[in-house]
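> Below are the structure tokens for one structure; questions will follow.
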Amino acid sequence: MNEELKIPNHVGIIMDGNGRWATKRGLMRTAGHKAGADNLKKLCIHIADKGVKYLSVFAFSTENFKREKAEVDFLMNLFFSVINKEFDFFMDNKIRVVFSGRREPLSDKVLKTMDKIMENTKDFDGLTFNICLNYGSVYEIVDTTKKICEMYKAGEIELDDIDPEFIQHNLYQDLPPLDFVIRTSGELRLSNFMLYQASYAEYYFPEVLFPDFNEDEFDKALLVYNHRDRRFGGIHENKNN
Ligand code: FPP
């Protein structure tokens, strides 16, 4: 009997290996980022078609500012131009776009584009596409803690209001927990990606570099997810295990 595939509600992708993809082809690293962005658009549609409701991607970490200025500038321009160029794509596909991360030191030009797409897509109920840009999980927890302390100081909440759900609601974006985190390129690290949200996620580390992580690769990943036994600290469903 063919059992139906379980579809994770929230998928996270650490899009790693763009630089290596380009270098292997004798291209500039930036060509890898461009290929990664093209791939991401196709993946978005495919992942939404599969029934995933939330997709979070790691586009730029706070630590990525340590890269050469030319690469940082290229990435910032890429974010700006992709979001502008794909405005109709997000609108037509009813994709709600949100961003996670610190606004400082992003340029006004990039921030305005981010705000515009968020505002225009905020009522869509298709895929929620969370772009982690200038993001780091440890600082997200610091920023959330400060925000909650301010609420407490202002008398808006009591200590007992603070529970795991309350913290989730006050992170950069109020998103459900991650079910499945994929990091491409074979690196076995989380690199500060959504640590609170991923506390009970399943992980998958394919060797394939992000620009090659296409629809077929995502389907392979789904099969892997379907073979995982998610217990959330409980016991095996299959008592023979
Ligand atoms: C990591 O690969 C990738 C990045 C730092 C950038 C990812 C950005 C995109 C795919 C563009 C997405 C566009 C939008 C609008 C969200 P790496 O450069 O660290 O690769 P390497 O480890 O092979 O050097």
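The values are calculated or read from the model by the stated rules, or taken from the named source; none is laboratory data. Small disclaimer: the values here were computed from a predicted structure and weren't measured. Neighbour counts run over all protein chains shown; Cβ positions are idealised from the backbone, glycine included.
> Is it fair to say L106 is surrounded by 14 or more Cβ atoms within 10 Å (Cβ to Cβ), over 30 Å from D49 (Cα atoms) and modelled with pLDDT of 95 or more?
On the way: surrounded by 14 or more Cβ atoms within 10 Å (Cβ to Cβ): yes; over 30 Å from D49 (Cα atoms): yes; modelled with pLDDT of 95 or more: yes.
Judged against the criteria, L106 is a match.
> OK, next. Residue pairs, Cβ under 7 Å, 6 or more apart or interchain, first in the range 79-90 and more than 10 Å from the ligand (Cβ to nearest atom) and part of a helix (DSSP H, G or I), second of a type in the set (K, R) and at pLDDT 95 or above. List them.
Short answer, once both residue conditions are applied: F89/K41.
> Still on this model: Starting from the range 27-40, keep only residues that are at negative phi, then list their pairs with residues that are of a type in the set (S, T, Y) and surrounded by fewer than 18 Cβ atoms within 10 Å (Cβ to Cβ) whose Cβ atoms are within a distance under 8 Å, requiring at least 6 positions of separation or different chains.
Sorted first by the residue in the range 27-40, then by its partner, the pairs are R29/T23; G32/T23.
> Would you check which residues across the range 189-216 are outside any loop (DSSP other than H, G, I, E, B) and either without any contact (Cβ under 8 Å) to a residue 24 or more places away in the chain or aliphatic (A, V, I, L, M) (or both) and list them?
Within the range 189-216, Y203, D216 qualify.
> Pull up the range 1-52, narrow it to residues that are outside any helix (DSSP H, G or I) and within 10 Å of the ligand (Cβ to nearest atom), then point me to the one that is nearest to R228 (Cα to Cα). If you could, list the steps in order and put the result at the bottom.
Taking the range 1-52 first, the residues outside any helix (DSSP H, G or I) are 1-17, 25-28, 50-52.
Within this subset, residues satisfying the condition of being within 10 Å of the ligand (Cβ to nearest atom) are 13-17.
On the way: I13: 18, I14: 20, M15: 22, D16: 23, G17: 25 Å.
Among those that are outside any helix (DSSP H, G or I) and within 10 Å of the ligand (Cβ to nearest atom), it is I13.
> Is there any pair linking a residue in the range 2-23 that is closer than 19 Å to S61 by Cα and of a type outside the set (V, I, T) to one that is in a loop (DSSP other than H, G, I, E, B) and within 16 Å of the ligand (Cβ to nearest atom), with Cβ under 7 Å and at least six apart or on different chains, and which?
If the second residue must be in a loop (DSSP other than H, G, I, E, B) and within 16 Å of the ligand (Cβ to nearest atom), the pairs left are G12/F193; G12/M194; D16/E187; G17/L209; R20/L209.
> If you don't mind, there's one more thing I want to ask. Specify the residue that is farthest from the chain's Cα centre (by Cα); the eligible residues are those in the range 180-202 that are among the hydroxyl-bearing types (S, T, Y) and buried (at least 17 other Cβ atoms within 10 Å of the Cβ).
Within the range 180-202, the subset among the hydroxyl-bearing types (S, T, Y) is 184-185, 191, 196, 199-200.
Adding the requirement that they be buried (at least 17 other Cβ atoms within 10 Å of the Cβ) leaves 184-185.
Working: T184: 13, S185: 16 Å.
Top of the filtered list is S185.
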